[in-house]
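Have a look at the structure below, then the notes.
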Amino acid sequence: MSNANVQANLSNLARYQNNFLKEVEANVEEGHMVKMCMQCGVCAGSCPFGPDWEHSPQKIFMMIRAGKRDEVLGSDSMFMCTSCYNCIVRCPRQLPITHIMHGLANYAHRIGMAPKGQPTRQFATLFWNNLVKKGRVNELTLTLGHYFTNGLVSGIKTALGMQSIGLGLFMAKRLNPMEIFGGHGVKDLKGFHAIVAKAKEIEDRKKGFTA
Amino acid sequence: MADNKFAAYICSGCGLGDKLDIKTLEKIAQKEGKMQVVKSHPFLCNAEGVQMINDDIANEAVTHVCIAACSRRAKTEAFHFPTVAMSRANLREGVIWIVAEGEAHDEVRQEMANDYVRMGCAELKKMKLPAGNPDTAHSKRILVVGGGMSGLTAAFEAAEAGYETVLVEKQSQLGGWAAKLWRRAPFKAPHAEPQDTGLTVLAAKVSSHPLIKVHLNSSLAETAGAPGRFIVKIAQESGAITEETVGAIVQATGFTGYDITKLPELGGGQANVVDQAGLEALAIAANGGAIKRADGKEVKSAVFVQCAGQRGSGGNGSGRHLDYCSGHCCATSIKQAMYFKDQNPDIDTVVMYSDLRVPGMGEDFYRSAQEKGVIFTKAKVTAVSGGDACKVEFKDLILDEDTSVDADLVVLATGQVPSAGVELDAWTQLTAEADGGSDEAKQKIVVMNKTSVLNLTYRQGPDLPQLKQGFADSHFICFPYETRRTGIYAAGPVRRPMDMLQATEDATGAALKAIQAVENASLGRAAHPRSGDLSYPLVRLEGCTQCKRCTVECPFGAIDEDERRFPVFNEQRCRRCGTCMGACPVRVISFENYSVDTVGSQIKAVDMPDEFSERPRILILACENDAYPALDMAGLSRTVYSAFVRIIPVRCLGSVNTIWITDALNSGFDGVMMMGCKKGDDYCQGLGTRPLPHEQDRRHADPARPGTGARRHAGSRHHRQPARGHADQ
């Protein structure tokens, strides 16, 4: 993430000033809406996972405005969002709160500030990498990859625990054990990789990341 | 009496004929009510019924009409007979709609109706057709005190409506507070950008208006008279006095900002800590360029502290300053933050609020500021230090932590303090002390009078009574602009805290009220709330004992005293509430259609059932401003209440004379209930702020009947007549 834009922001972090807010506006999806929050707290009250978040969306918006860069980007709260869209529906100021949460999570991930070992982040990474490889999700490797996230022993334990389900899927011809050797891809894999690369390039340009 | 002819008309429509025996009512009106003409009609308020009454007035020379039908508040347009005296017996809202259904209640229902017919007839016998006040006052000019946004608007609107206007301004130029502003908050959609104040245009319009006469550098040395005939002495700074005759006055004297040096806990008095007016001055000096502090440094970051010394402990500061919200400050701070953002979006502006209150369409203005990047922080400010680098320490109420922020400039949103002149309660107390011979009090009065705005020559003091927190009004919502001095109307922030848009709307309203007052005064009628009422208080001075009760109790300052301490009634100032009548211990004050007799005779007309018949009688004296409408509403919603009550509307509980209570108890009533506002309530004309007859001790003032006016609630157990003590049920 060696990036001039981000570095400039990092070096200039006064509290309750606009620097971090501007960074968010420039780099986060729908970040320009953060300043429009009027702190009513309806999002915090509407979130079904509300009690499990360290910081509610309301608080995260206030923290951004207060210039709390490390606390916000290092928070796992945005990763808790399940995209139920309750907050978006209810927000009297019509902030796209769900999108902002994902945008913040994505930004934190890209600049390497997202919390290590955060399960949602880990699974999302696993899913993305699995998907990009062949252009389609390889369910067997994805599942196994997920089982072994927390180490070999727990992986084996989980896999054994899921044995009967796996066997059932196999009998019903819903699971092909041969997929473990890489599996099948989309027809034009090269073309698919080109699409993904182009999309990344566009997004990077939009959000100020240079390749 | 020879020329009087009394008639009663009984309606049998609206179900009256089904539930009541109309024949009995007719008989009662004739035999007991002594009505010379008695007629009934199945639909009295329709064209035919009204024509019947009009024919009798024209052909039978009927002079007094009793309408036994619906409430006196209903069908007023149909039953409008300006050439005769009229009473109304309330059989619909007062009887058939509120007595329980069914045959079991037929008897009490009929008894109630019978009594109301008796009462209506008895009242009518004592009534006269009000002849109108012959002492009319004809000046229709309007005086506007104060040449700020409210005053200019009031003067302009009154003049545009065709009324000659005199405007008095203390300063050497028009504009007042508005002249100190760089921009104002927007009045119109899209409510997004600060606007030009529009003052220059308005001031030019006023200055050049043919119907407006402007006195600059002037103040009021004396205001005497009454609506339609105020004589004001306008004193110039040089000492020259001009006398003007005007019909009504609009007081638009505005406000001053709360003294920032009284807020040391928020850095008040320190360098680079200013109030909102201070920032306006800096913005005017910058003239659209970069705003610079007093020391010449360009402001790169500004913090706005809302509710500085306002809203008691709910705002910022020690909580020992103003208890109210000034209403405009949030929008003003938003506007001022935009001054910075519009000039340079990189300037950091933080507004610290506990509740952002932007009335009207201010929410759009707030949103516009957010779009411009103004940061809003819900916070309680704990300390501000001024100087070169200001520091604001605060508790962030969302993040729940104590923190601080540095700024080049701190702006305190201080509140509006009304410029309403002398506080009359303090003045009255000092006057009493001065009358008692205190030289110190006399000197204090001289000092106090120097702060007066109007310098009224009224017995009740030199300025408008203040309702709450020093604001001159009678009621913010129900009776806006109407102060407790008839013909003098308050507009703008002298009346209640407000922003410029509200002040201009206020000014327009007050100008209309002033026009209403001058027009009514010129016709010898009451201004309001009994607008158009031709009755006025008549006093038999030969019976007066100079006790001063009427002059003291008149809530509207209508009564002065002459050298011999006799009351001098200024009818144009009078609101016809009758408080003087209720106050008078020797009962020499009355109205032609409302007097001690009109109510007293109704009380005596009620037929008292046998002591052991288990039918108690409770008299209710109900204020026509609130209680009587409420009772009508009860009827409208068919709420059942006791058929043992007999209700008499009164103009105000203040007009209740203690003799009525004595009479009621003597004539067999088991209790008396006063229905209206109680002391301390202030929703009606501010009357409730004065002690009403049932709350004050008039014992010593009533030589004729000692003991009748003791502090009490009428109807309480120990006032029952012993012979009728059975009514406990």
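The values are calculated or read from the model by the stated rules, or taken from the named source; none is laboratory data. The structure presented is a predicted model; accordingly, all values stated were derived computationally and were not measured. Reconstructed Cβ throughout: ideal geometry from the backbone, glycine too, with neighbour counts over all protein chains shown. Heavy atoms of the whole protein, side chains included, go into the accessibility calculation; ligands, DNA and RNA do not. Shrake-Rupley method; radii C 1.70, N 1.55, O 1.52, S 1.80 Å.
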Legend entry - Formal net charge of residues neighbouring B:R575 (Cβ-Cβ distance under 12 Å; K, R +1; D, E -1): +4
Inset, instruction - Using only Cα atoms, locate the centre of the range B:494-512 and the centre of the range A:23-43, then give the distance between them in Å, rounded to an integer. - result: 38 Å
Inset, instruction - Have a look at the DSSP beta bridges in the protein assembly as shown and tell me what percent are antiparallel, nearest 5. - result: 40 percent
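Can you tell me how the range B:434-573 classifies by the Cα gyration tensor, rounded, prolate or oblate, using a/c under 1.5 as the rounded cut?
Because a/c hits 1.5 or more and a/b fails to exceed b/c, the range B:434-573 counts as oblate.
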Inset, instruction - Work the Kirkwood hydrodynamic radius out for the range B:1-61: mean of 1/r over every pair of different alpha-carbon atoms, inverted, in Å. - result: 12.2 Å
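Counting only trypsin sites (Lys or Arg not before Pro) that sit in a DSSP loop (anything but H, G, I, E, B) with at most 10 other Cβ atoms within 10 Å, what is the longest stretch of chain A containing none of them?
Longest gap between qualifying sites, sites excluded: A:1-115.
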Inset, instruction - Kindly state, to the nearest 0.05, the FRET efficiency for B:A221 paired with B:E563, given R0 = 25 Å and r defined as their beta-carbon distance. - result: 0.65
Inset, instruction - Could you state the orientation-averaged shadow area of the convex hull built on the Cα atoms of the range B:134-207, in nm² to one decimal? - result: 6.6 nm²
Legend entry - Around B:T242: net Lys/Arg minus Asp/Glu count, Cβ-Cβ under 10 Å: 0
Legend entry - Separation of the B:S208 and B:T256 label points, Cα + 7 Å toward Cβ, nm: 3.5 nm
Legend entry - Principal semi-axes in Å for the range B:257-418 [√(5λ), Cα gyration tensor, largest first]: 21, 18, 16
Legend entry - Cα-based reach from B:K442 at 21 Å (exclusive), listing lysines while leaving out same-chain residues under 8 positions away: B:K450
Legend entry - Positive minus negative residues near A:L169 (Lys, Arg vs Asp, Glu; Cβ under 12 Å): 0
Inset, instruction - Give the longest segment of chain B that steers clear of GluC sites (Glu not before Pro) in DSSP loops with at most 12 neighbouring Cβ atoms within 10 Å, not counting the sites themselves. - result: B:238-562
Inset, instruction - Run down the aspartates and glutamates and flag those whose C-alpha is under 18 Å from the C-alpha of A:K116, throwing out any fewer than 8 positions away in its chain. - result: A:E54, A:D70, A:E71, A:D76
Inset, instruction - Find, among the trypsin sites (Lys or Arg not before Pro) in the range B:537-613, those assigned to loop by DSSP (not H, G, I, E, B) with at most 14 other beta-carbon atoms within 10 angstrom. - result: B:R540, B:R564, B:R565
Legend entry - B:V250 long-range amide H proximity, modeled H, under 5 Å: B:L143, B:V144, B:V145, B:Y489
Inset, instruction - Take the alpha-carbon centre of the range A:161-211, take the same for the range B:282-314, and report the distance between them in whole Å. - result: 58 Å
Inset, instruction - State, in angstrom, two size descriptors of the range B:1-129 derived from its alpha carbons: Rg to one decimal place and Dmax to the nearest whole number. - result: 13.7, 45
Inset, instruction - Mind giving me the nanometre distance, one decimal, between the label points for B:E101 and B:Q195, set 7 Å out from Cα along Cα→Cβ? - result: 5.6 nm
Legend entry - the range A:119-204 - Rg over Rh from alpha carbon coordinates, Kirkwood radius: 1.05
Legend entry - q = 0.07, 0.08, 0.09 Å⁻¹: log10 I(q)/I(0) that the Debye formula gives for the protein assembly as shown, counting C-alpha atoms only: -0.78, -0.91, -1.01
Inset, instruction - For chain B, compute Rh as the Kirkwood radius over C-alpha pairs and then the Stokes-Einstein diffusion coefficient at 20 °C and 1.002 mPa s; write the answer in µm²/s, rounded to an integer. - result: 74 µm²/s
Inset, instruction - Per residue of the range B:539-553, in order, report the coupling 6.51 cos²θ - 1.76 cosθ + 1.60 (Karplus, θ = phi - 60°) as ³J(HN,Hα) in whole Hz, putting x for Gly and Pro. - result: 10, 8, 5, 5, x, 6, 9, 6, 6, 6, 4, 5, 5, 6, 7
Legend entry - B:K180 - accessible surface, heavy atoms, 1.4 Å probe, Å² rounded to 10: 110 Å²
Legend entry - Label point at A:H32 placed 7 Å out along Cα→Cβ; residues across the range A:56-91 whose backbone nitrogen lies under 19 Å: A:65
Inset, instruction - Kindly write out, for the range B:301-316 in residue order, the coupling ³J(HN,Hα) from the Karplus curve 6.51 cos²θ - 1.76 cosθ + 1.60 (θ = phi - 60°), rounded to whole Hz, with x marking Gly and Pro. - result: 8, 9, 10, 9, 9, 7, 6, 6, x, 10, 6, x, 7, x, x, 9
Legend entry - Chain lengthening between B:D355 and B:T545 when straightened (0.36 nm per residue, less Cα-Cα): 62.7 nm
Legend entry - Partner aspartates and glutamates for A:K173 [C-alpha distance under 15 Å; skip if fewer than 8 residues away on the same chain]: A:E139
Legend entry - Violating pairs (Cα-Cα greater than 29 angstrom) within the set B:K34/B:K75; A:K59/B:K391; A:K68/A:K133; B:K170/B:K292; A:K35/A:K200: A:K68/A:K133; B:K170/B:K292
Inset, instruction - Would you kindly calculate the mean projected area, averaged across all directions, of the convex hull enclosing the Cα atoms of the range B:108-257, in square nanometres? - result: 17.0 nm²
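Exceeding 25 Å between C-alpha atoms, which entries from my cross-link table qualify? They are B:K262/B:K380; B:K188/B:K335; B:K140/B:K188.
Violating the 25 Å Cα-Cα cut-off are B:K140/B:K188.
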Legend entry - Low-density loop positions, trypsin sites (Lys or Arg not before Pro), the range B:1-97 - DSSP coil, at most 13 other Cβ in 10 Å: B:K34
Legend entry - Under 5 Å, built H, 5+ apart or other chain: amide partners of B:L412: B:V274, B:D275, B:Q276, B:V305
Legend entry - Derived scalar couplings ³J(HN,Hα) [the range A:134-141; Karplus, 6.51 cos²θ - 1.76 cosθ + 1.60; whole Hz; x for Gly, Pro]: 10, x, 8, 6, 8, 4, 5, 5
